[in-house]
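S.K.: Here it is, the structure, as structure tokens.
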Amino acid sequence: MNPVFVHLVKPTYLYARYLASCVADRRLGIVTTDERLGHDPSNDPAPYRSVPGGYHRAASFTAIRRLLHALDPGPGDVLLDLGCGAGRVICLAAQRPFARVIGVELDPGIRRLAEENVRSLRRCVVRPEVIGADAATYRVPDETTIVFMYNPFGGEVLRAALTRVLESHERNPRRIRLVYANPREHEVVVSMRRFRETGRLRMSWRPGPDWARTQMMRIYEVEPDG
Ligand SMILES: C[S@@+](CC[C@H](N)C(=O)[O-])C[C@H]1O[C@@H](n2cnc3c(N)ncnc32)[C@H](O)[C@@H]1O
């Protein structure tokens, strides 16, 4: 890839996005800018090393707002963020009229950050819930209507987490939308044969083929079995 892009354009863009996230955090009374996630950026790909928080980051505020607008949730909707990190998605979703907003996080340290953010969140329609659990074994609440994942895991864990979603659908058949941001393992989702892709949303500027592939969200709906 062009070195000017890798060493100058991309880090500058990422840094500007980081600063915008700090401002958005402050307005909500939360901290989701990722140096608090304790990630060591020394092994990150080059463009991320100079950006606070490095590679391990949350979905951008702009992308989450665009998604929530597109989903247009109502008071019967329940959002579940599998791998909620410090809680950026659940804190933004809490500004909307959901019945419940739930975040599941495996890492105890990161889960504590999410809990602090939920407590300090300045305004919300519904107070989010944070659950410490492994998405591979977590029993999906049967009123969940929107499942969000920002590329939190792959392979067998992804397959197991999606199986938990299907089990919940079997217990209580209903409309479930699955949103997969940075959908690196789209093939795993499709191979399960019960998730039909119904839409896509762009997450950010997409100057190259890798960003074009990853900086988007795929939206699926659960299909009835058989
Ligand atoms: C990229 S962060 C996404 C944060 C958040 N969803 C957002 O978009 O702002 C992915 C999170 O998934 C968590 N995670 C990884 N494997 C998990 C699992 N098996 N169960 C629950 N959480 C997991 C990680 O600890 C990390 O905090």
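Laboratory data are not the source of any read-out in this text; all were calculated from the coordinates shown. The structure presented is a predicted model; accordingly, all values stated were derived computationally and were not measured. Glycine also receives a Cβ, built like all others from the backbone with ideal geometry; neighbour counts cover every protein chain displayed.
S.K.: Quick one: if the Förster radius is 30 Å, what FRET efficiency do Met192 and Arg26 give, using the C-beta to C-beta distance and rounding to 0.05?
M.R.: 0.15
S.K.: Multiplying the sequence separation of Ile131 and Tyr15 by 0.36 nm and subtracting their Cα-Cα distance, what value in nm do you get? Numbers along the way, then the final one.
M.R.: On the way: separation 116, 0.36 × 116 = 41.76 nm, distance 3.08 nm.
So the chain would gain 38.7 nm between Ile131 and Tyr15.
S.K.: How far is it, in nm, from the label point at Glu170 to the one at Arg112 when both lie 7 Å from their Cα along the line to the Cβ?
M.R.: Result: 3.9 nm between the two label points.
S.K.: Something else about it: Give the residue from Ile219, Pro141, Asn172 lying farthest towards the positive end of the charge dipole for the range 61-222; charges sit on Cβ (+1 for Lys and Arg, -1 for Asp and Glu) and the dipole is referred to the Cα centre.
M.R.: Ile219
S.K.: Follow-up question, since we're still on this one. Can you compute the FRET efficiency between Glu223 and Arg65 using 1/(1 + (r/R0)^6), with r the Cβ-Cβ distance and R0 = 30 Å? Round to the nearest 0.05.
M.R.: That gives a FRET efficiency of 0.60.
S.K.: Alpha carbon centre of the range 72-130 versus the range 140-158: separation in Å?
M.R.: A separation of 14 Å, based on Cα centres.
S.K.: Under the Karplus relation 6.51 cos²θ - 1.76 cosθ + 1.60, θ = phi - 60°, what is the ordered set of whole-Hz ³J(HN,Hα) values for the range 140-156, x standing for Gly and Pro?
M.R.: Here the 3J(HN,Hα) series is 5, x, 6, 9, 4, 10, 9, 10, 10, 9, 9, 5, x, 7, x, x, 5 Hz.
S.K.: For a label point 7 angstrom out from the Cα of Gln95 toward its Cβ, which stretches of the range 112-133 have the backbone nitrogen within less than 17 Å?
M.R.: 117-128
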